[in-house]
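**Q** Below: one structure in structure tokens.
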């Protein structure tokens, strides 16, 4: 199994590395570019077809080296990903209505809910809640799939940012699955990490290609599935050796940057009496740009902050799930306000001069 894992990672990584130059050539010939605009931070027209390389490389590597008999959900996961991929690819090329993209996400989530055993069945004691009624479990799982998928999609606003955060999250879940000897799911996580690593060679500032919705939707969906599987493997008797009581806090820590940014931006928009889905420049990466950081610095800063939260959750994992979740949430509130405070202080200094 370890040998297959290595082969799968190498396959995904090399396929991305060698396929993107061909995609760039096709994008140039067919004029498939993301044009600069007031809403976007890039100033050079750039292809948005990086998701094509990530998806095809990931799927090929898993199909070639994965063990379908050990991960019975895999065929349905691939079916859901195909649906999301084509929805995102169409949006990358001709732009489709947000409701159509949401419909694709709901249908993909339905495939997972009704064709697999991936279901959030417990809150692990957070807010004093343990086992969930079946109807509530279905709703919470659907909510998680949609929220994580879109949170990852929304964080894709600076060169290298989404790829770097996706890499951190995949490696984190892959490591946790390995610790619990769940090598099949570890292979899936590490293979996606390898595909993202290959993509980052072309996406760090200055980006030659963007991930696009075809990439961000499938990666975000997989991150949600990793989260759900990790939560369930820590309550059910699967024979895992190192059950983590505080798994909800660990999941939130692993996904903290996209989750916090999405929650923060939605609250800000509602306070301003705007639609939560109204595009603006209030994301965390926009705040860091206002402080003078470039795209590379933003990607690295937020990735290291994300790693810091994961380390914190690991250090306090022996405490209750409720306590760990509370600590992670409160820490995120404090850390998330630092860029805003520094920017306001910077503006006050400029006005005084």
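**Q** Please work out if residue 297 is buried (at least 18 other Cβ atoms within 10 Å of the Cβ), more than 30 Å from residue 235 (Cβ to Cβ), at pLDDT 80 or above and more than 18 Å from the chain's Cα centre (by Cα).
**A** So residue 297 does not fit the description; no.
**Q** Against the conditions (1) farther than 16 Å from residue 216 by Cα; (2) surrounded by 17 or more Cβ atoms within 10 Å (Cβ to Cβ), where does residue 99 fall short? Just the number, please.
**A** With respect to (1) farther than 16 Å from residue 216 by Cα; (2) surrounded by 17 or more Cβ atoms within 10 Å (Cβ to Cβ), residue 99 is out only on (2).
**Q** Those residues that are surrounded by fewer than 20 Cβ atoms within 10 Å (Cβ to Cβ) and assigned to a loop (DSSP other than H, G, I, E, B), I need them from region 54-68; list them, please.
**A** 67, 68
**Q** So residue 71 clears everything in (1) crowded, with 19+ Cβ neighbours inside 10 Å; (2) in a loop (DSSP other than H, G, I, E, B) except one condition, right? Which one?
**A** It fails just one condition, (1).
**Q** Another question, then. Among the listed residues 123, 139, which satisfies the condition of being free of Cβ contacts under 8 Å to residues at least 40 places away in the same chain, more than 21 Å from residue 199 (Cα to Cα) and out of contact with any helix residue (DSSP H, G or I) (no Cβ under 6 Å at 6 or more places or on another chain)?
**A** Answer to the selection: 139.
**Q** Quick check, is residue 268 part of a loop (DSSP other than H, G, I, E, B), out of contact with any helix residue (DSSP H, G or I) (no Cβ under 6 Å at 6 or more places or on another chain) and at negative phi?
**A** No; evaluated as a whole, the condition is false for this residue.
**Q** Then there's this: Here is a list: 338, 316, 270. Which entry is modelled with pLDDT of 90 or more and out of contact with any strand residue (DSSP E or B) (no Cβ under 8 Å at 6 or more places or on another chain)?
**A** 316
**Q** Give just the number: which of (1) out of contact with any helix residue (DSSP H, G or I) (no Cβ under 7 Å at 6 or more places or on another chain); (2) within 16 Å of residue 220 (Cβ to Cβ) does residue 110 not satisfy?
**A** Going through the list (1) out of contact with any helix residue (DSSP H, G or I) (no Cβ under 7 Å at 6 or more places or on another chain); (2) within 16 Å of residue 220 (Cβ to Cβ), residue 110 breaks only (2).
**Q** Say whether the condition of being over 22 Å from residue 222 (Cβ atoms) and modelled with pLDDT of 95 or more is met by at least one residue in region 52-64.
**A** No, that holds for no residue.
**Q** What number goes with the only condition from (1) in contact (Cβ under 8 Å) with a residue 12 or more places away in the chain; (2) touching a helix residue (DSSP H, G or I) at 6+ places or on another chain (Cβ under 9 Å); (3) more than 27 Å from residue 226 (Cα to Cα) that residue 297 does not pass?
**A** Just one mismatch for residue 297, condition (1).
**Q** Does residue 273 satisfy the criteria of being at positive phi, exposed (fewer than 15 other Cβ atoms within 10 Å of the Cβ) and assigned to a loop (DSSP other than H, G, I, E, B)?
**A** yes
**Q** Assess whether residue 252 counts as being modelled with pLDDT of 90 or more, in a helix (DSSP H, G or I) and either on the phi < 0 side of the Ramachandran plot or out of contact with any helix residue (DSSP H, G or I) (no Cβ under 6 Å at 6 or more places or on another chain) (or both).
**A** Yes.
The values are calculated or read from the model by the stated rules, or taken from the named source; none is laboratory data. These numbers come from a predicted model, not from an experiment. So basically every Cβ, Gly included, is an ideal-geometry build from the backbone, and we count neighbours across all protein chains shown.
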